[in-house]
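One structure below.
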Amino acid sequence: MTTDILNATFYVLVQDDPANPADAIPVSFEEAFKEAEKLTASGRTFQILYTEDATQNQLTRFAEAGIRTRFAPQG
């Protein structure tokens, strides 16, 4: 069974934002990547969380851009 990259979910958590992962809004890869680029350019501290549907290619794109990611806790 193949993973549909359109099902991958990402969360952008900004350190200054009081939201926690349970309150974060899920976004697509492209939305998360664009937001991460903007936050990096502005010098803000943030995290990108991803679900198990994320592909290695998507995670590699973040890594190549110097954007750290981590697996989103489930539950």
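Just one of Thr55, Thr9, Thr3 is of a type in the set (Val, Ile, Thr) and modelled with pLDDT of 95 or more; which is it?
One residue alone meets the criteria, Thr55.
Kindly indicate the residue of region 60-71 that is surrounded by fewer than 14 Cβ atoms within 10 Å (Cβ to Cβ) and not charged (D, E, K, R) and also farthest from Ser28 (Cα to Cα) among those meeting that condition.
For region 60-71, the residue satisfying everything is Gly66.
May I ask you to list the residues in region 39-59 that are without any contact (Cβ under 8 Å) to a residue 12 or more places away in the chain and surrounded by 12 or more Cβ atoms within 10 Å (Cβ to Cβ)?
Leu59
The values are calculated or read from the model by the stated rules, or taken from the named source; none is laboratory data. Computed from a predicted model, the values in this text were never measured in an experiment. Backbone-built Cβ (ideal geometry, glycine too); neighbour counts: all protein chains shown.
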